[in-house]
């Protein structure tokens, strides 16, 4: 009898060890799309955001060439009003470009989208490959409060020093301070008003231009990349570009 009890206890102990091992293999965090715990560092951006390819087809460019159109849209996988509002904005941007494919008037062959996650903030970046300014769009979404946050709010949250932007501009050989004054002006004013402002700013000293950029840094789109570094979007010679603050 004692031998039977001993065998039963041994079998039970082995089962408990086996269950414990299987439990340890389970994933430690499962994303909660109804509102994730933003403090959990184990959240994977690929679970929270889907980069969806909505267009992949051949067509004809305005000059008559056969080309291929590939359009991507970022989709936040959170079923909340604020997240859906962000999704709709990016979808509308894509649809505006897509409707010109059929009439052969689209210069946009590629729309590339990316997503980053830092401290509960999802940064979505869409680059529309077309000539001219206004080709990069950024939204910073606060998961906890279910809302888009402005550049000003993002900079204040991380206590970013605007002098770091000026220092990085000065370190770059191929980037002009005028790119950033131009960016600020065109982000604030409409076309007719911006022309007058640009003429006025061109006559200012370098120090005055730097001050103008610092005072209006919240008018420049920015996000935080996978390395935790700020990235600012600015106008350039041909199209919008990104400047990483090292």
Considering (1) farther than 17 Å from residue 48 by Cβ; (2) in a helix (DSSP H, G or I), say which one residue 90 fails and leave the rest. (1)
For region 115-136, how many residues meet the condition of being surrounded by fewer than 18 Cβ atoms within 10 Å (Cβ to Cβ) and either outside the structural domain of residue 66 (by TED's automatic domain parsing) or within 29 Å of residue 190 (Cα to Cα) (or both)? 6
Could you count how many residues in region 215-232 are outside any strand (DSSP E or B) and either touching a residue at least 60 places away in the same chain (Cβ under 8 Å) or surrounded by 14 or more Cβ atoms within 10 Å (Cβ to Cβ) (or both)? 9
Any chance residue 189 is in the same structural domain as residue 228 (by TED's automatic domain parsing) and either more than 14 Å from residue 222 (Cβ to Cβ) or surrounded by fewer than 20 Cβ atoms within 10 Å (Cβ to Cβ) (or both): yes
List the pairs whose first member sits in region 84-102 and is at pLDDT 95 or above, whose second member is assigned to a helix (DSSP H, G or I), and whose Cβ atoms are under 9 Å apart, counting only residues at least 6 apart or on separate chains? none
So is residue 240 under 27 Å from the mean Cα position of the chain (by Cα) and either modelled with pLDDT under 95 or not assigned by TED's automatic domain parsing to the domain that holds residue 171 (or both) or not? yes
So is residue 51 touching a residue at least 24 places away in the same chain (Cβ under 8 Å), touching a strand residue (DSSP E or B) at 6+ places or on another chain (Cβ under 7 Å), surrounded by 14 or more Cβ atoms within 10 Å (Cβ to Cβ) and part of a strand (DSSP E or B) or not? yes
Taking helices (runs of 4 or more DSSP H) that do not extend beyond region 125-203, which have at least 2 residues that are at pLDDT below 95 and in contact with a helix residue (DSSP H, G or I) (Cβ under 7 Å, 6 or more places away or on another chain)? 177-188, 191-202
Hey, residue 73 modelled with pLDDT of 90 or more, within 16 Å of the chain's Cα centre (by Cα) and part of a helix (DSSP H, G or I) or not: no
Within region 236-246, which residues are farther than 16 Å from residue 129 by Cβ and in contact with a strand residue (DSSP E or B) (Cβ under 9 Å, 6 or more places away or on another chain)? 243, 244, 245
Let me spell it out: the conditions are (1) surrounded by 11 or more Cβ atoms within 10 Å (Cβ to Cβ); (2) at pLDDT below 50, and residue 67 meets all of them except one. Which number is the exception? (2)
Give the residues of region 93-113 that are surrounded by 18 or more Cβ atoms within 10 Å (Cβ to Cβ) and assigned to a strand (DSSP E or B), sorted by residue number. 111, 113
Checking residue 235 against (1) closer than 26 Å to residue 141 by Cβ; (2) surrounded by fewer than 17 Cβ atoms within 10 Å (Cβ to Cβ): exactly one of these is not met. Which one? (2)
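The values are calculated or read from the model by the stated rules, or taken from the named source; none is laboratory data. The shown structure was predicted, so the numbers you read here are calculated from the model rather than taken from an experiment. Positions of Cβ are generated from backbone atoms using ideal geometry, with glycine treated the same way; all protein chains shown enter the neighbour counts.
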